[in-house]
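The values are calculated or read from the model by the stated rules, or taken from the named source; none is laboratory data. Just so it is clear, the structure is predicted and the values come from calculations on it, not from any experiment. No Cβ is skipped: glycine too gets one built from the backbone with ideal geometry, and neighbour counts run over all protein chains shown. Remember, those area values only see protein heavy atoms, side chains included, never the ligands or the DNA or RNA. Shrake-Rupley method; radii C 1.70, N 1.55, O 1.52, S 1.80 Å.
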Amino acid sequence: MPALQQPPIIAVLIPCYNEQPTIARVIEDFRRQLPSAVVYVFDNCSTDATAATAKEHGAVVIKEPRKGKGFVIESMFDKINADIYVTVDGDDTYPAEDVHKLIGPVLAGDADMVVGARLSNYADNSFQPMHLFGNKLIRALVNWMGNARLTDIMSGYRAFSRRVVEKIPVVSAGFEVETEMTIQMLYHRMKIAEVQVSYRPRPADSISKLSLWRDGCRVLWKIFSLFRAFKPLTFFGFLGLILLLAGLLAGLAPINDYITNPDHYVRHVPLAILATGLIILSAGCFFLGILLHAINWRLRELHNIITRKQYIK
């Protein structure tokens, strides 16, 4: 007689920093939708009664003393063992009833991660105009890097499998962690799907912790850093091309001196030195890009082999 298949273990993970006004509603809503799931609230240095309120409503509260959403996600990956992971913000902006649309493709094996895309169905005053512009800019950069067609990079409403936790490293500290996870998924050629979810504005008694300029700059720097790390041939090749063109431009005057003067006397010596240095740097960038690309490819192969062995076990 074949063994009965065990139901999947589902963990609802809620990162929180001073979300006392809304955390109770979020916990109760997800417990109604997923009665068999375990709800974890990661208290990230809250100064209000978020942790106490979460415990009163049956959530497992885990303290994360390092302030920053990236540290919370890292702690979630390290401490929680489940088959399906659902991450959602504790500000009551994401509807719990949409969680089944996120979990379904992961359970069916059609996707490793499903993202709740918000930008087609959001309430008035949910986003500031600059937030929408920043989201579109980051989306365009990530899609260009990963050759993807994603519509919402910054959503905090996601469902993913254990394979994602085992394979994707998290090194970001703050709100740029969603961007990093997306780029890491694309780099490792894992399947990302999107489902459309509604998005509510924050309740009047809930305060946003997002800083437009600070967090926006951190996200852009993260994209730049990952682009340099994951696509070194493109990055250093482009840099080498700029240096080569600059070197050729700087060398026009010395070359003209050498050709036009009967004695081949070069009057523009500083430009000749500059041109030589720029072209040498250009060659170095091209060589570095090729070398890092080869190393990157081998590291990806080793990472896939190690992860596959761990996943089989």
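Only residues in region 39-67 that are within 10 Å of residue 23 (Cβ to Cβ) count as the first member; pair them with residues that are among the small types (Gly, Ala, Ser) and open to solvent by 30 Å² or more (accessible area, probe 1.4 Å), Cβ under 6 angstrom, at least 6 apart or cross-chain, and list the lot.
That search, which allows pairs on different chains as well, returns nothing.
Would you pick out the residues in region 123-157 that are open to solvent by less than 80 Å² (accessible area, probe 1.4 Å), part of a loop (DSSP other than H, G, I, E, B) and either within 23 Å of residue 96 (Cα to Cα) or at pLDDT below 75 (or both)?
Those that are open to solvent by less than 80 Å² (accessible area, probe 1.4 Å), part of a loop (DSSP other than H, G, I, E, B) and either within 23 Å of residue 96 (Cα to Cα) or at pLDDT below 75 (or both): 123, 126, 127, 150, 151, 152, 153, 154, 155, 156, 157.
Go through the residues of region 175-196 one by one and say whether even a single one is assigned to a loop (DSSP other than H, G, I, E, B), buried (at least 16 other Cβ atoms within 10 Å of the Cβ) and within 10 Å of the chain's Cα centre (by Cα).
yes
Which of the residues that make up region 56-106 are of a type in the set (Gly, Ala, Ser), closer than 17 Å to residue 158 by Cα and either in contact with a Phe, Trp or Tyr (Cβ under 7 Å, 6 or more places away or on another chain) or crowded, with 16+ Cβ neighbours inside 10 Å (or both)?
70, 75, 82, 90, 96
May I ask you to list the residues in region 219-255 that are surrounded by 18 or more Cβ atoms within 10 Å (Cβ to Cβ) and either of a type in the set (Ser, Thr, Tyr) or farther than 16 Å from residue 292 by Cβ (or both)?
219, 222, 223, 243, 247, 250, 251, 254 - these are the residues of region 219-255 that are surrounded by 18 or more Cβ atoms within 10 Å (Cβ to Cβ) and either of a type in the set (Ser, Thr, Tyr) or farther than 16 Å from residue 292 by Cβ (or both).
Would you check which residues across region 44-59 are among the charged types (D, E, K, R) and in contact with a Pro (Cβ under 9 Å, 6 or more places away or on another chain) and list them?
If the condition is that a residue be among the charged types (D, E, K, R) and in contact with a Pro (Cβ under 9 Å, 6 or more places away or on another chain), then 48 is the only one that fits.
In region 290-313, what count of residues is obtained for those that are at pLDDT below 90 and under 30 Å from residue 251 (Cβ atoms)?
2
What are the residues in region 177-206 that are among the charged types (D, E, K, R) and either modelled with pLDDT of 90 or more or under 19 Å from residue 14 (Cβ atoms) (or both), if any?
Answer for region 177-206, where residues must be among the charged types (D, E, K, R) and either modelled with pLDDT of 90 or more or under 19 Å from residue 14 (Cβ atoms) (or both): 178, 191, 194, 200, 202, 205.
Conditions: (1) without any contact (Cβ under 8 Å) to a residue 24 or more places away in the chain; (2) outside any helix (DSSP H, G or I); (3) surrounded by 20 or more Cβ atoms within 10 Å (Cβ to Cβ); (4) not small (Gly, Ala, Ser). Residue 115 meets all but one. Number of the miss?
(1)
Condition (residue is closer than 30 Å to residue 233 by Cα and either of a type outside the set (Phe, Trp, Tyr) or loosely packed, with under 15 Cβ neighbours inside 10 Å (or both)) applied to region 260-272: is it met by at least one residue?
Yes; the residues of region 260-272 include at least one that is closer than 30 Å to residue 233 by Cα and either of a type outside the set (Phe, Trp, Tyr) or loosely packed, with under 15 Cβ neighbours inside 10 Å (or both).
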